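Note sheet for the following structure.
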Amino acid sequence: QDVRNIKIATAAESKPLSWGAIGVEPQGYEPDVLKAINAKLPQYKFEMEGAADIAQETGLATGKYDIATGGYYRAPAREKQFLIPESPIGASLIKIYSRKDSGINEMKDLVGKKIVPVTAGGGIYKFATQWQEQNPDYQIEITASSAGIPYPDRLKEVQNGKYDALVLPSNLGEQTVIDQQKLDIKASEPVAINNTFVLIHRSEENKALSEDIDKALKELKADGTLAKLSQKWFGEDITTYMK
Amino acid sequence: MLELKDLRLSYGNTQVLNGVDLSVKRGDVVSIIGPSGTGKTTLLKCINYLVKPASGTIAFDKVKMDYQRPDKTAVQAIRLRTAMVFQQFNVFKNMTVIQNVMDPLVVVQRKSRDEARAIALKELNRVGLSDKLDSYPSQLSGGQLQRTGIARALAIKPDVMLFDEPTSSLDPELVGEVLRVIKDVTSSGITSLLVTHEMQFAKNISNRIVFMDRGVVAADGSPAEIFDAPSNPRLAQFLNSELAIQ
Amino acid sequence: MLELKDLRLSYGNTQVLNGVDLSVKRGDVVSIIGPSGTGKTTLLKCINYLVKPASGTIAFDKVKMDYQRPDKTAVQAIRLRTAMVFQQFNVFKNMTVIQNVMDPLVVVQRKSRDEARAIALKELNRVGLSDKLDSYPSQLSGGQLQRTGIARALAIKPDVMLFDEPTSSLDPELVGEVLRVIKDVTSSGITSLLVTHEMQFAKNISNRIVFMDRGVVAADGSPAEIFDAPSNPRLAQFLNSELAIQ
Amino acid sequence: MFDSEVLLPDLWDILGAVPMTLLMALAIFVFSTIVGSLFAMVEYRRITVLRELVVAYKVAFKGVPMVIVIFLAYYGLPPALQFLAALVGIEFNGHLTPNWVTLIVALTACVAAFQAEVVKGALNSFDTGQADAAYSLGYKRSQLFRRVMLPQVIVAAIPDLANSFMVIMKALSLGFAIEVVDIFAQSQLTAALNFYYLEAFLIAVVIYMVIAYIVTHGADRVEAALRART
Amino acid sequence: MIPELLKALPLTLAITFTAMIVGFCLALIATTFRVRRVPVISHLADLYVSYARSVPVVLQLFVAFYGLPLVVGLLEIEDFVSPTVAAMLGLSFYHGGYLSEVMRPAYLAVDRGQHDAADSLGYTFRQKLTRVLGPQAVHIALPGYGNSIIYLIHNVALVMYIGAADVMATAHLVMERDYNQYQFETYLVLAVIYALLCLAAWLVVRFFELRSSKFAPRAAPAKATIMASV
Ligand SMILES: Nc1ncnc2c1ncn2[C@@H]1O[C@H](COP(=O)(O)OP(=O)(O)OP(=O)(O)O)[C@@H](O)[C@H]1O
Ligand SMILES: Nc1ncnc2c1ncn2[C@@H]1O[C@H](COP(=O)(O)OP(=O)(O)OP(=O)(O)O)[C@@H](O)[C@H]1O
Ligand SMILES: [Mg+2]
Ligand SMILES: [Mg+2]
């Protein structure tokens, strides 16, 4: 039987979720999960390649890549463009990072504060605008940005007072950074939980792939593989948030 | 041997040549004089089709052309049988003196390098540049540049030499050396057309003087007719102001 | 009234002035002639301290200066009482003809604009530029530019006029008009120092001729002495080559 | 091929960033011209030591890509400012420096190196014969500079100055890396929000080309008008 | 860290050289049309050059990155457009336009008299170009060419924004791995690497400049474009 090669674009700069650019073996939670999926699906051969964010989505749209991962959320615009399996590959807990003395614990506390700009069109942006619609009484100021300033810098900017708060998925290794650099920063309780998915290039052929991956993910979650990998990379079990 | 008829040319709105007629016989040395801006340079350029007249005809021995129907082979035939010496020298700046003289022989006349070299050496010797063979133009004085230009022109053995104010870009002290070379060339019997402001010199070397004014030939005759008994009032006025300086 | 002693100057390694002595009496019209590159221009510039001689002294009436100890007030005093006309005209390109003449009067001599204007109009009329008052230099011919330069120099009523080859950047036809103006100026009795290559002209207007060669004054005398009986062999040779052209 | 329903709103979005971009470009243009002119004067007058420093400055800022200078400023400027403020005894949190200030400082530093060349070129195009003439008429150095040199030097520099303005406009696009929103950054944002990338970028391309056309032709007009007077 | 950065150097150089070569060809073609004024085609060439010169290079890279797959799709060939390919083609396009504006003035700066002399001696257009105009134009264009190479190297630093893994992108990965503790230092190292690359390029061009200056030791008349290009 023919083994079909599947080209996968993984996030290049999102340690520990996934990192490693061209020429470097991708590592992290998602690459490990993908390997586990491949082990269950011998009819495919997964070929992972770290790619910059911008390269991922276009490559996926044109069919250069069959799959892209990188902590993607489900969004209507994406559902129209891509195939998205039912089951999530992971979950991200959105937390607010602020100075320990800031007294910021939830979204409502952000009124009148300087918030680090959020990635335009990304999950946080979607979450924040939705939250704003639902809570019109609390006017918070959100700016979108397309800049690629790494989040460790953002944490430092919160620390030194340039901003008051950073809203971010918590599965990017923030705690390591905070500990290593001895930052005076705390994370709030999760203000939202988002499931993350793999995105698949929309084509007839890939419909089966999407279903196969969906099935594999269900099994991996059921047999505790995902929980184990989550512990390994994030130090906590995020599968409890996945549904 | 060279006959131009009713040459007309304008740059944009300014009419430069207004119907020039000129004929030159073999062995003639014709000096063209006239005020600045009357189209003397333009006239010489027409002969080599470096500017495009609006109308007129040229006949060069058996080669004939109407400028309204330019004809590549005719143009090339005339170019090959005339040689031009420019006011600004226009020596090729990327070539040494001897390369300047050899290159047209090799490229255009397809002579062997050895043959070209022999000719070039002879002509450069004639103009007194034997010691500057391998200098680049940027290392030469104006007089030396102009003599290189003359040697390049002579080397192609033209039937007609065209000189366009060959000394007017030179320092006064250098003028003499170039005039001597030109005198030598013209007295060797080669047909020449010479635009110049050196009245005395024109008088000495030419057997015919053409006075151009406002784009036409306003007077034409022997040196004696032109200089000693100018009939045309513009000519008389021009000669007055030119000679006043000298 | 003007006395230069033992002027020495070099550009880098080339010694340009090798000990020039020159004295000019009130009312003199002195022409300086000599081969290219012998330091004639440099000499004139020294008088106005536009170049810095290594040594030598200048005395201008009562103002005296040793070039080894330059002195701002002395320099300025001499500058104010001489006026220079340049080979390259050097009129201010951002000013109209009349502004060029008025500006030094207003800026340096602190005259009122009306007074300056009246003087400018008079001098421009004298050089025949009354119809070009509001033209910018880019709209003028070389002859007109040079006449503007002369009017500007005249307007400041200098004790000495310095002309540096005032016609050598001009087309032959324009030389005449400028020479006429200079003749008019010098014959009005103003002390003048004139560098020129127009031998005939120098002979006509000067009462003294200075021949410079290789950075020194090689001959000095009346026009008759210099032109008709040149004693110095370099001078004789120079005059020969200059006159051969003309 | 392109969705016209997207083009128009996108166009409005991106046009919105034009005034801010022009304003920042103008600020950088003014500052860098001032600094560049100082540098050029140092070289023109051949002031020792300072001259060597200026040359070293120019080599450094011409050799290093502007993005890198921007990043260096982004990470280096706030602590530097804080340090300087502390020296003079001011309590100031340098990290509060807004990014657009950082960008303007970084680009001014880069462009000044080029403006120095522009001004030097214009100064050198001034023919020294006129200086000789002015001195011989008794002008002082400052009078010569103000009345004769400056008017001519400005006209001579116009085409190059127009060119540097466009360079600054383009250089501002690098500001997106530290999230200063100019025309380019806005087109990227617009695209990221509706996923129509190519459309937004093409609109930005057109806007840049139109601005360049206006700037260069405007400069040509001004120059032609002034040219007669020099 | 430095050895890791240097591992990405071959890619940076590969992009540079591709853009140099392809850009040079594009520039030759564009310049030919621009000086010979072929109807329509000349205007397209003009438009191309003004695109390359007035649109920020980052934006040009994005246009290449998003536009090329579209073109590839229309041509119905397999999508080979990786970020690296997009970077190479985008920069080639940019460099070609920029270079055309170096070549054209150089060609036009060869004085009219050289054309006249060659024509009057009966040279064909080809002979005139290869034996007289070309060699002289090369000499005039060399300083401007040197600059254009330096700007090209600078602009290669921007390809990281479309995801190509050049030196700059590698530096980002290195910083990421160390949780971004040494950014300022890393950018300083980058600045030195790029400055050295530019220095090397400059030395090479300078060598040719000196070699060709034997026939024109006096300063060339055409002024080299001194302005940066981003
Ligand atoms: N390429 C050109 N474009 C526009 N006008 C030109 C061009 N070449 C020459 N002219 C004008 O044509 C006229 C005749 O020029 P031409 O050079 O033939 O005169 P000339 O008799 O040789 O003068 P001169 O004695 O000054 O050399 C002049 O008024 C000149 O300004
Ligand atoms: N700024 C300068 N730097 C170096 N050398 C110079 C400079 N100015 C003039 N010279 C040299 O000084 C010498 C004298 O120049 P100067 O202009 O005084 O001669 P001149 O007698 O006026 O000659 P001409 O008749 O050609 O005007 C020349 O050899 C010239 O090359
Ligand atoms: Mg002429
Ligand atoms: Mg002189």
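Here are some notes:
- Flag for B:M102 being within 14 Å of chain E (Cβ to nearest Cβ), of a type in the set (A, V, I, L, M), in a strand (DSSP E or B) and crowded, with 20+ Cβ neighbours inside 10 Å: no
- Helices (runs of 4 or more DSSP H) wholly inside the range A:1-98 that include at least 1 residues being in contact with a Ser or Thr (Cβ under 6 Å, 6 or more places away or on another chain): A:29-40
So that you can scan it fast, the table gives a plain yes or no per residue for (1) under 25 Å from C:N18 (Cα atoms); (2) away from ligand 4 (no atom under 16 Å from the Cβ):
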site: C:A59; (1), (2): yes, yes
site: C:I78; (1), (2): yes, yes
site: C:F89; (1), (2): no, no
site: C:K93; (1), (2): no, yes
site: C:V106; (1), (2): no, yes
site: C:K111; (1), (2): no, yes
site: C:G128; (1), (2): no, yes
site: C:L140; (1), (2): no, yes
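- Selection count where residues are among the hydroxyl-bearing types (S, T, Y) and more than 8 Å from chain C (Cβ to nearest Cβ), scope the range D:109-152: 3
For (1) under 22 Å from B:A219 (Cβ atoms); (2) touching a His at 6+ places or on another chain (Cβ under 8 Å); (3) of a type outside the set (D, E, K, R); (4) in contact (Cβ under 8 Å) with a residue 60 or more places away in the chain, each residue gets a yes or a no:
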| residue | (1), (2), (3), (4) |
| --- | --- |
| B:L2 | yes, no, yes, yes |
| B:V24 | yes, no, yes, yes |
| B:C46 | yes, no, yes, no |
| B:V51 | no, no, yes, no |
| B:D66 | no, no, no, no |
| B:V97 | no, no, yes, no |
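- Test set (1) away from ligand 1 (no atom under 16 Å from the Cβ); (2) in contact with a strand residue (DSSP E or B) (Cβ under 8 Å, 6 or more places away or on another chain) - B:R147 fails condition number: (2)
Here is a yes/no grid of residues against (1) more than 19 Å from E:L59 (Cα to Cα); (2) surrounded by 13 or more Cβ atoms within 10 Å (Cβ to Cβ):
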residue: D:L7; (1), (2): no, yes
residue: D:D10; (1), (2): no, yes
residue: D:T21; (1), (2): no, yes
residue: D:M41; (1), (2): yes, yes
residue: D:R45; (1), (2): yes, no
residue: D:L72; (1), (2): yes, yes
residue: D:L77; (1), (2): yes, yes
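- Elements of type helices (runs of 4 or more DSSP H) in the range E:1-100, at least 2 residues being within 25 Å of D:I203 (Cα to Cα): E:9-36, E:41-54, E:57-74
- Of all residues in the range B:79-95 being in contact with a Leu (Cβ under 9 Å, 6 or more places away or on another chain) and aliphatic (A, V, I, L, M), the one that is farthest from ligand 1 (Cβ to nearest atom): B:L80
- Top-ranked residue of the range C:1-54 - restricted to ones that are among the small types (G, A, S) and within 14 Å of ligand 4 (Cβ to nearest atom), ranked as nearest to C:Q76 (Cα to Cα): C:G39
- Candidate set from the range A:116-164 (those that are at pLDDT below 80 and touching a strand residue (DSSP E or B) at 6+ places or on another chain (Cβ under 6 Å)); member that is farthest from the other protein chains (Cβ to nearest Cβ): A:G123
- Any hit, the range C:63-80, residues being more than 20 Å from the chain's Cα centre (by Cα), among the acidic types (D, E) and either within 16 Å of ligand 3 (Cβ to nearest atom) or not in a strand (DSSP E or B) (or both): yes
- Set side by side, the residues D:Y208, D:Y197 differ, and just one is facing chain E (nearest Cβ under 10 Å) and within 17 Å of the chain's Cα centre (by Cα), which is D:Y208.
- Considering (1) closer than 27 Å to C:D171 by Cα; (2) modelled with pLDDT of 95 or more; (3) of a type in the set (A, V, I, L, M), the lone condition that B:A118 does not fulfil carries the number (1).
- Only one entry in D:D132, D:D220 is over 21 Å from the mean Cα position of the chain (by Cα) and among the acidic types (D, E), namely D:D132.
- Every residue from the range B:221-236 that is under 26 Å from B:R8 (Cα atoms) and surrounded by fewer than 18 Cβ atoms within 10 Å (Cβ to Cβ): B:G221, B:S222, B:S231, B:N232, B:P233, B:R234, B:A236
- For the range C:27-76, a residue qualifies if it is over 24 Å from D:R141 (Cβ atoms), crowded, with 18+ Cβ neighbours inside 10 Å and of a type in the set (S, T, Y), and the qualifying residues are C:S31, C:T38.
- Taken over the range D:182-194, the residue count meeting the criterion of being at the interface with chain A (Cβ under 8 Å from one of its Cβ atoms) and either farther than 18 Å from E:G67 by Cβ or crowded, with 24+ Cβ neighbours inside 10 Å (or both) is 4.
- Only one entry in B:L154, B:L170, B:L194 is in contact (Cβ under 8 Å) with a residue 60 or more places away in the chain, within 16 Å of ligand 3 (Cβ to nearest atom) and not β-branched (V, I, T), namely B:L194.
- Top-ranked residue in the range C:197-220 [being surrounded by fewer than 22 Cβ atoms within 10 Å (Cβ to Cβ) and among the β-branched types (V, I, T); ranked as farthest from ligand 4 (Cβ to nearest atom)]: C:I205
Matching residues to (1) surrounded by 22 or more Cβ atoms within 10 Å (Cβ to Cβ); (2) away from chain A (no Cβ under 14 Å); (3) not in a helix (DSSP H, G or I):
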residue: E:K128; (1), (2), (3): no, yes, no
residue: E:V138; (1), (2), (3): no, yes, no
residue: E:H154; (1), (2), (3): yes, yes, no
residue: E:A165; (1), (2), (3): yes, no, yes
residue: E:T170; (1), (2), (3): yes, no, no
residue: E:M175; (1), (2), (3): no, no, no
residue: E:F184; (1), (2), (3): no, no, no
residue: E:V189; (1), (2), (3): no, yes, no
residue: E:W202; (1), (2), (3): no, yes, no
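- Some residue of the range E:111-126 being more than 23 Å from B:Q146 (Cα to Cα), part of a helix (DSSP H, G or I) and more than 14 Å from chain A (Cβ to nearest Cβ): yes
- Among (1) surrounded by fewer than 22 Cβ atoms within 10 Å (Cβ to Cβ); (2) within 15 Å of the chain's Cα centre (by Cα), the one test that C:A151 misses: (1)
- Test: B:M95 is at the interface with chain E (Cβ under 9 Å from one of its Cβ atoms), modelled with pLDDT under 95 and more than 16 Å from ligand 2 (Cβ to nearest atom): yes
- Scanning the range A:102-125 turns up no residue that is out of contact with any Lys or Arg (no Cβ under 8 Å at 6 or more places or on another chain) and farther than 29 Å from A:E157 by Cα.
- Positions within the range A:8-52 being surrounded by fewer than 18 Cβ atoms within 10 Å (Cβ to Cβ) and among the charged types (D, E, K, R), in sequence order: A:E25, A:K35, A:K40, A:K45, A:E47
- For the condition more than 16 Å from ligand 2 (Cβ to nearest atom), away from chain D (no Cβ under 14 Å) and touching a Gly at 6+ places or on another chain (Cβ under 9 Å), C:Q76 does not qualify.
The values are calculated or read from the model by the stated rules, or taken from the named source; none is laboratory data. Note that the structure is predicted; figures quoted are calculated from it, not measured. Backbone-built Cβ (ideal geometry, glycine too); neighbour counts: all protein chains shown.
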